[in-house]
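> Let me begin by handing over the structure; questions about it come next.
The values are calculated or read from the model by the stated rules, or taken from the named source; none is laboratory data. What you are looking at is a predicted structure, and each value in this text was computed from that prediction instead of being measured. No Cβ is skipped: glycine too gets one built from the backbone with ideal geometry, and neighbour counts run over all protein chains shown. With ligands, DNA and RNA removed, areas are computed over all heavy atoms of the protein, side chains included. Shrake-Rupley method; radii C 1.70, N 1.55, O 1.52, S 1.80 Å.
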Amino acid sequence: MWIGTKNSCMAGVQERQYEEFFGGFYFDEDALSKDISLDGLDKELEEHKNYDVLISILTNGEKQRDMATMVEGNLGHIEQDLIQDYIKDNDSLVLLHDQIHDCDIVLSQIGSLLSGFQVHIRSLSSELRSLHEKSLDLGVRLKNRKLAETKLAAFVEEIVAPPGLVNAIIDGEVNDDYIKSLNMLSKKLRFAQVDPLLNASKALKDIKQELERLRKKALSKVSAYVIGIFSSMRKPGTNIQILQQNLLQKYRHLVLFLKEHGIEKYNDVCAAYVDKMNKVLSEDFRVYLEALESLKLDIGVSTDVIGYDANVVDLIPRGREQLRNHRFMFSLGERSNILKEIDQPGLVPCISEANSLKYPYEVIFRSLQKLLMDTASSEYIFIKAFFRDESMFYRVFEGPVAVIDENMKLTLANSHDAICLMLMICITKKHQLVMSNRRLPCLDTYLDKALIYLWPRFKTVFDMYIQSLYQCDAKMLWVDGTHPHHIVRCYMEFTASLIQLNAECGDGQEAGEEAKELRRYFEEKLESNLVSFVDELLMEYFGDLIKFVKNHISEDLISYTECPNIADVEPVVKNFAVKWRTALELMHNEVVTCCSNFVSGMAILKAAMAQLLNDYNRLSECVKMIPGGSSLNRNLVSITSISYEIRKYSRTL
């Protein structure tokens, strides 16, 4: 059977090979004779007789037939050869067939095995999926347990009071370590109050009694310790500011603990501090005021007004000091320096038994306000940082401010020095600016109240001055002489002083902007006339010296306008050596008596003496350059001696 199948297959193969070998020339005549009809062939041949292809086929048709016969014979031979080849390879094909069959069996077994593997793998996939789901579930459980453990550990840590903390709170001394323990206790107490759900836990209920016991013990110990420090402030010689900065500030957490966990104890501590500091500061200011009173220079009583005594025409001949003391309450002079040194530590009177100096009340007032400002600033900053309650400051300073107010009211009621009152107003306004620059509002109320006290009193005294002028007998003001009357001089001094003070720190209640313009006018007038005043003064007392220097010596001391000789310079040098001290005194006295304003007189005198010193120095240098000038060296006065004498007059004026 297999051989027959094999032969039929080989015949089919042989036929395909014939077709491939002979192409389109091989065809089956029997098939052609059966399937092809020749009807109408003649007609078609006639129609296509001129086709070259058709002509070629018809011409060579016999040849093709012969060729077909030959090919058919060749095919027979080839077929026989092929059959022999197939027969020859029959064993090999049988062996190949057996191998293919074995392979089919093996492949079938492998297919069965793979099918088993597929089923097993599918089963493993299900198991792995189940394990993955279990792993995820275990991971979530583990995460939840860790989270619960962390929260529980934190909860236990927050509420449990370790033995070391208990011992430190109950038996420990109040120091830096105690503050750390106190902060830990505060954290635990705060934790128990934050979440209402925590208060419902049984664990917290068990430990809450212990925490409460520690809280009460800590409150009691801390309050007693802090109040003990406050009590030490009343000891004599205690520097309160150093105690606050070096000790109390370090323990401010104690007060914060009281404020957060024991408001009653905190209020007790605050009350103790307010009471002790109020008493200490009140007593300090009272003692300081009593000491200042002994240093006060009384200037002006009710009779010392501008026009009260119109017959005091002999004050000028009686001497410069008497005139100066009588007119001090109307003249600003160097009293204005106190306004230039507001932020400086100077001008504070030295309070001691050995100090015999007296000070105008504005100096006392400035010193008192300066002490109040510094004390209040330090105390305000401390209270704000230590207690974090600014309102305590005002309770602490109720006493000291009351002491100062009482003293001010008593002093103002007896004060008739309008210049002093105006200086006190200016001092207070400048102190307001100082406190504003410090950004401390603690004395705003006091300084405003001080101005409310000062302005009405100044207005009252000012009206008294004006009324005294109305009551003055104008005829008595016209007295023979070359000098202005005492009352006129007082009025001029007072007016100039008010103009200057209003220009510097006024608020428009009097002259306003006109004061500044008027002050500038007089300053320009004084400056423009100062040179002529100085020249006239020097020409009167040192005329020969001034003329010689101007005529013979240049400013650079090198060239000469007229070449001098020993005969020209000798009388000038000898005359100066004889009379220079007397001339200086006379020149000084004339300035004092002629100038109604001592400040202006001082400016004229300083300028005159400086010019004198410069001119005499030029004369001395000229003598050294003139031939034979060394003979006059014994008559020359040293520049040091002249300078020393000039400084004496500058100080006494």
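> Mind checking which residues of the range 206-233 are among the aromatic types (Phe, Trp, Tyr) and farther than 14 Å from Glu173 by Cα?
Answer for the range 206-233, where residues must be among the aromatic types (Phe, Trp, Tyr) and farther than 14 Å from Glu173 by Cα: just Phe230.
> Of the residues in the range 204-219, how many are at pLDDT 85 or above and more than 40 Å from the chain's Cα centre (by Cα)?
Result for the range 204-219: 4.
> Name the pairs: first residue in the range 216-233 and without any contact (Cβ under 8 Å) to a residue 40 or more places away in the chain, second residue surrounded by fewer than 17 Cβ atoms within 10 Å (Cβ to Cβ), Cβ to Cβ under 7 Å, at least 6 apart or on different chains?
Once the first residue is without any contact (Cβ under 8 Å) to a residue 40 or more places away in the chain and sits in the range 216-233, its partners that are surrounded by fewer than 17 Cβ atoms within 10 Å (Cβ to Cβ) give Ile229/Leu247; Ser232/Thr238.
> Can you name the condition, by its number, that Arg65 falls short on among (1) modelled with pLDDT of 80 or more; (2) surrounded by 10 or more Cβ atoms within 10 Å (Cβ to Cβ); (3) basic (Lys, Arg)?
(1)
> Still on this model: Run down Asn437, Asn502 and say which single residue is under 45 Å from the mean Cα position of the chain (by Cα) and modelled with pLDDT under 85.
Step by step, each of Asn437, Asn502 is checked, and only Asn502 is under 45 Å from the mean Cα position of the chain (by Cα) and modelled with pLDDT under 85.
> For the range 239-262, which positions are over 19 Å from Gly172 (Cβ atoms) and loosely packed, with under 12 Cβ neighbours inside 10 Å?
Asn239, Ile242, Asn246
> Given the condition at pLDDT 80 or above and touching a Gly at 6+ places or on another chain (Cβ under 6 Å), answer yes or no: does some residue in the range 174-196 qualify?
Yes; the residues of the range 174-196 include at least one that is at pLDDT 80 or above and touching a Gly at 6+ places or on another chain (Cβ under 6 Å).
> Output the residues belonging to the range 461-492 that are surrounded by 15 or more Cβ atoms within 10 Å (Cβ to Cβ) and at pLDDT 85 or above.
If the condition is that a residue be surrounded by 15 or more Cβ atoms within 10 Å (Cβ to Cβ) and at pLDDT 85 or above, then Val461, Phe462, Met464 are the ones that fit.
> Can you say whether Lys88 is among the basic types (Lys, Arg) and either at pLDDT below 75 or in contact with a helix residue (DSSP H, G or I) (Cβ under 7 Å, 6 or more places away or on another chain) (or both), as far as the supplied structure shows?
No, not satisfied.
> Among the numbered conditions (1) modelled with pLDDT of 80 or more; (2) open to solvent by less than 30 Å² (accessible area, probe 1.4 Å); (3) within 57 Å of the chain's Cα centre (by Cα); (4) among the aliphatic types (A, V, I, L, M), tell me where Val592 comes up short.
The number of the failed condition is (1).
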